Amino acid sequence: MKKIIMVKYAELTTKKDNRSYFINTLVKNIESALSELCPVVTKDYYRMFVSVSDEFLKEALDRLTKIFGILEVALCYFDEDKTIDNICLLSKLVIEENSTFKVVTNRSDKEYPIKSMDVSRKVGGFLLKNVSDLKVDVHNPNILVNVEIRKEGVYVYGNSLKSGGGYPTGTLGKAILMLSGGLDSVVAGYLTMKRGVKLDFLYFESLPHTSLEARNKVVELAKVLKKYGNNGKLYVVPFTKIQETIYRDMDNTYMITIMRRMMYRIGEKVSKKIGSLAIVNGESIGQVASQTLTSIKVVNDVTNYPIIRPLASFDKVEIMDIARKIGSYDISILPYEDCCTIFVPPHPVINPNLEHARKQEENFDFSLIDEAIKDILIIDLEEKKNENTYL
């Protein structure tokens, strides 16, 4: 008998001809997430199994619950001995005294001589006789005793742990996330990754008006998403000259609108250079002045690139709940301002006029955009190093 982790696939079941691609990507993501635990991963069409040393089982289970493409994980007791007596002994390892239970048997080995219902009855009877204060509850048991009889042996396990669901990160292409230091953008990134999209990150920095602490805060937020299977890079855009020019030369009430238009121009250029298929942001309709439908339409005017807004219909409470769940909330509320919270006018326009926005930009020096892109700093979250690069 040995302990092994069973992985149950999430939406991969709908992929048919592409299933192998999705499963193989999931294997790579698991091996990356558990790399220092030295995992051995085996797979077939329906299940995946992860073996690590017993001392790493708890850590491995915790990490696997954060990986997209996995529906559930379970710590199993595996044995090649599939006799009913041995199955009964294994089932005792997953039960607790003074609890309610139900036995469910899955017999994929159709040559096994005992039918699934009969296995469940025999295991249930054994447990009632040999474990104190047990009761059967077929509707809402404390412990679900699972028995899976396969060609290679039997797997017995108790309650499963829910995992991330969705598709394995990277199976549906790459996008770039406009990552600020707030609550919203990192949650938008998490939800996008859940749909199988790998992310790189775009952060707009306005030194010395913003601080290196603000940049480090964004690095930590990107690392939160790394725990969920994303290994993208952080592109730090020097935005100071652009933002100062907008502040000095343009209609004060349109500062946020023009700033966002410049960001999307940069986002499109960077996306095309790094192979990103879309731009993701944390906008929620009506949450702030720049996120009214009118504002979104005026800002989108500068690009034909796909813009994904996972939080469009979320309210702040829902966003905060997800931020707490994924571990980004405490980082996001640290008091370091990013470029979106400096130079904010007292009364930003809520329903900007497109022609007026274009008029404001007529004398803008657009070479500042190319200059900012040229001086982008890349932070490689995988290698934990910075490097100056020219895009």
- Looking only at segment 313-336, and only at residues there that are in contact (Cβ under 8 Å) with a residue 24 or more places away in the chain and in a loop (DSSP other than H, G, I, E, B), the one that is surrounded by the fewest Cβ atoms within 10 Å (Cβ to Cβ): 313
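Take residue 79 and decide whether it is in the same structural domain as residue 23 (by TED's automatic domain parsing), acidic (Asp, Glu), under 30 Å from residue 27 (Cβ atoms) and at pLDDT 95 or above. Break it down stepwise before answering.
Numbers: in the same structural domain as residue 23 (by TED's automatic domain parsing): yes; acidic (Asp, Glu): yes; under 30 Å from residue 27 (Cβ atoms): yes; at pLDDT 95 or above: yes.
Answer is yes for this residue.
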- All positions within segment 114-137 that are in contact with a Lys or Arg (Cβ under 7 Å, 6 or more places away or on another chain) and part of a strand (DSSP E or B): 136
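Out of the residues in segment 337-386 that are assigned to a strand (DSSP E or B) and modelled with pLDDT under 90, which is surrounded by the fewest Cβ atoms within 10 Å (Cβ to Cβ)? Step through it out loud before you land on a result.
The initial filter retains those residues of segment 337-386 that are assigned to a strand (DSSP E or B), namely 377-380, 385-386.
Next, from what is left, pick out any that are modelled with pLDDT under 90: 380, 385-386.
Values: 380: 13, 385: 9, 386: 13.
Among residues in segment 337-386 that are assigned to a strand (DSSP E or B) and modelled with pLDDT under 90, the one surrounded by the fewest Cβ atoms within 10 Å (Cβ to Cβ) is 385.
Tell me, which strands (runs of 3 or more DSSP E) lie completely within segment 172-265 with 2 or more residues that are within 26 Å of residue 304 (Cβ to Cβ), over 17 Å from the mean Cα position of the chain (by Cα) and in the same structural domain as residue 23 (by TED's automatic domain parsing)?
Values: elements: 174-178, 198-205, 233-238.
Passing ranges: none, list empty.
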- Item | Residues satisfying the stated conditions in segment 280-312, i.e. in a loop (DSSP other than H, G, I, E, B), within 22 Å of residue 175 (Cα to Cα) and among the aliphatic types (A, V, I, L, M) | 285, 302, 311, 312
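The values are calculated or read from the model by the stated rules, or taken from the named source; none is laboratory data. Bear in mind that the values here come from a model prediction, so they are computed numbers and not experimental data. All Cβ positions, glycine included, derive from the backbone under ideal geometry; neighbour counts span all protein chains shown.
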